[in-house]
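The values are calculated or read from the model by the stated rules, or taken from the named source; none is laboratory data. Model, not experiment: these values are computed from the prediction. Because the Cβ atoms are built from the backbone with ideal geometry, glycine has one as well, and the counts that use them run over all protein chains shown.
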Amino acid sequence: MDILTLLGLFLGIAAILVGQHLEGGSISMLLNPAAMMIVLGGTMGAIMLQSTLNTFIRAIQILVWVIWPPNQMMNEAIEKIVSWSNIARKEGLLGLENISESEVDSFSRTGLQLLVDGSEPEVMRNILEIEVNNKEHHDIQAAKVYESMGAYTPTLGIIGAVMGLIQVMQNLSDPSRLGEGIAVAFVATIYGVGLANLLLIPIANKLKSLVVMQAQYRYMIAEGIVSIAEGENPRNIETKLRGYLH
C-alpha cells in the first residue's frame, strides 16, 4: 500500500475543508448534488467519447495502482536471473525448460521459452523489447485518460457555473430561488478545479511514473535473458543488472 498517496489525498481534502471552516462556512455548503452531477457526468461522457474501449477498460484496471502499486522486486529478479545463468552454464539452455514452464511472470516465461528454443540473442532482444514497448504505450495511454479528465473537469465546472447563473437570472423576481442558483454556480467551479488539481492530474502523473518503472523492470529482465543467451559470465550479468537499481 502506498501510504504517501493516502497522506496526500487526506492532506489535500483536509486543507479545503479546514479552510472552509476558517472562512466561517460550513462543510455542508460544499455539498451540491446538481453541481456534482454536471461535473462528473459531463466529464465521464467526454472521456468515454474520447477513449477507445480497450484504453478505457485498462484505465479502470490500473487505477488500483495508485494505492497498491505493482510490486517490482528488482533484487529478487536479479538473483533469479543469475540462478538461471548458472543453470544454463552447467546444464545448457535446455536445463531451463522446466523453469520456464513453472515461471509465474508471463514476460519472464516468454524470455525463457525463447532461450530454450535456441533463438538468436538479437532476435530475442527485438521480440522482448517490442512486447515491453507495446505494453508501456498501452498503459501510458490508459494513464492519460485521467490526465484528460483533469483537463475536462474545470471546463465542466465553468459550464455548471454558467447554468447556475442562468437560473439566477431567470429568477431575479423570486429571491427565494437565487441562493440555490448561485450555490450551484460556485460549487460547480470548486468541484471542477478541485477534482482536476487534487485528484485526477496527480493520479495520472503517478500512474505514468509507475508504468515507466514497470517498463524498466521488464527491460532489466530482457537484458538478463539476452545476456544468458550470449553466454556471459553470471557475475558480469549480475553487475550489469544492478545498474538498473539506480
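Exactly one condition in (1) farther than 19 Å from N197 by Cβ; (2) without any contact (Cβ under 8 Å) to a residue 60 or more places away in the chain; (3) among the aliphatic types (A, V, I, L, M) is not met by A14; state its number.
Every listed condition holds for A14 apart from (1).
Could you identify the single residue in Q50, Q20 that is closer than 18 Å to A196 by Cα and surrounded by 14 or more Cβ atoms within 10 Å (Cβ to Cβ)? Let's see the steps before the verdict.
Details: Q20 fails: closer than 18 Å to A196 by Cα.
Of Q50, Q20, the one residue that is closer than 18 Å to A196 by Cα and surrounded by 14 or more Cβ atoms within 10 Å (Cβ to Cβ) is Q50.
Would you confirm whether any residue within the stretch 197-215 is among the hydrophobic types (A, V, I, L, M, F, W, C) and over 23 Å from the mean Cα position of the chain (by Cα)?
If we filter the stretch 197-215 for residues that are among the hydrophobic types (A, V, I, L, M, F, W, C), which is where we start, we get 198-201, 203-204, 207, 210-213, 215.
Still in the running and over 23 Å from the mean Cα position of the chain (by Cα): none.
Within the stretch 197-215 (the criterion being among the hydrophobic types (A, V, I, L, M, F, W, C) and over 23 Å from the mean Cα position of the chain (by Cα)), the answer is no, since none of the residues qualifies.
Would you check which residues across the stretch 127-147 are within 30 Å of E223 (Cα to Cα) and touching a helix residue (DSSP H, G or I) at 6+ places or on another chain (Cβ under 6 Å) and list them? Explain how you work it out, then say what you get.
Filtering the stretch 127-147 down to residues within 30 Å of E223 (Cα to Cα) leaves 127-144.
Listed by number, the residues that qualify are L128, V132, E136, D139, I140, Q141, A142, A143.
Determine the pairs where a residue that is over 28 Å from S108 (Cα atoms), located within the stretch 199-214, has a partner that is part of a helix (DSSP H, G or I) and not polar (S, T, N, Q) with Cβ atoms under 6 Å apart, the partner being 6 or more residues away or on another chain.
Pairs that qualify, where the first residue is over 28 Å from S108 (Cα atoms) and the partner is part of a helix (DSSP H, G or I) and not polar (S, T, N, Q), are L200/Y146; L200/M149; L200/G150; I201/G150; I203/V66; I203/Y146.
Residues to consider are G243, G231; find the one that is farther than 21 Å from M73 by Cβ, of a type outside the set (A, V, I, L, M, F, W, C) and at pLDDT below 95. Can you show your working first?
Numbers: G243 fails: farther than 21 Å from M73 by Cβ.
Criteria check complete, one pass: G231.
This table checks each residue for (1) under 16 Å from the mean Cα position of the chain (by Cα); (2) of a type in the set (D, E, K, R).
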site	(1), (2)
H138	yes, no
K144	yes, yes
M163	no, no
V168	no, no
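Pick out the one residue from A59, A35 that is more than 20 Å from N205 (Cα to Cα), crowded, with 16+ Cβ neighbours inside 10 Å and among the small types (G, A, S). Walk me through it before giving the result.
Working: A59 fails: more than 20 Å from N205 (Cα to Cα).
So the residue among A59, A35 that is more than 20 Å from N205 (Cα to Cα), crowded, with 16+ Cβ neighbours inside 10 Å and among the small types (G, A, S) is A35.
K144 - would you say it is surrounded by fewer than 16 Cβ atoms within 10 Å (Cβ to Cβ), in the same structural domain as L199 (by TED's automatic domain parsing), touching a residue at least 40 places away in the same chain (Cβ under 8 Å) and part of a helix (DSSP H, G or I)? Please lay out each step first, then the result.
Numbers: surrounded by fewer than 16 Cβ atoms within 10 Å (Cβ to Cβ): no; in the same structural domain as L199 (by TED's automatic domain parsing): yes; touching a residue at least 40 places away in the same chain (Cβ under 8 Å): yes; part of a helix (DSSP H, G or I): yes.
When the stated conditions are applied, K144 does not pass them.
Is there a residue being under 22 Å from T55 (Cα atoms) and either in the same structural domain as T55 (by TED's automatic domain parsing) or under 28 Å from the mean Cα position of the chain (by Cα) (or both) anywhere in the stretch 174-182? Write out each step before concluding.
Residues of the stretch 174-182 that are under 22 Å from T55 (Cα atoms), as a first pass: none.
Among the residues of the stretch 174-182, not one is under 22 Å from T55 (Cα atoms) and either in the same structural domain as T55 (by TED's automatic domain parsing) or under 28 Å from the mean Cα position of the chain (by Cα) (or both), which makes the answer no.
Considering only helices (runs of 4 or more DSSP H) fully contained in the stretch 148-246, which possess at least 2 residues that are buried (at least 21 other Cβ atoms within 10 Å of the Cβ), among the charged types (D, E, K, R) and in contact with a helix residue (DSSP H, G or I) (Cβ under 8 Å, 6 or more places away or on another chain)?
So the answer is none; nothing clears 2.
Taking the condition of being in contact with an Asp or Glu (Cβ under 9 Å, 6 or more places away or on another chain) and within 16 Å of T239 (Cβ to Cβ), how many residues in the stretch 60-79 meet it? Write out each step before concluding.
First, the residues of the stretch 60-79 that are in contact with an Asp or Glu (Cβ under 9 Å, 6 or more places away or on another chain): 62, 65-69, 77-79.
With within 16 Å of T239 (Cβ to Cβ) added as a condition, the list becomes 77-79.
Total satisfying the criteria: 3.
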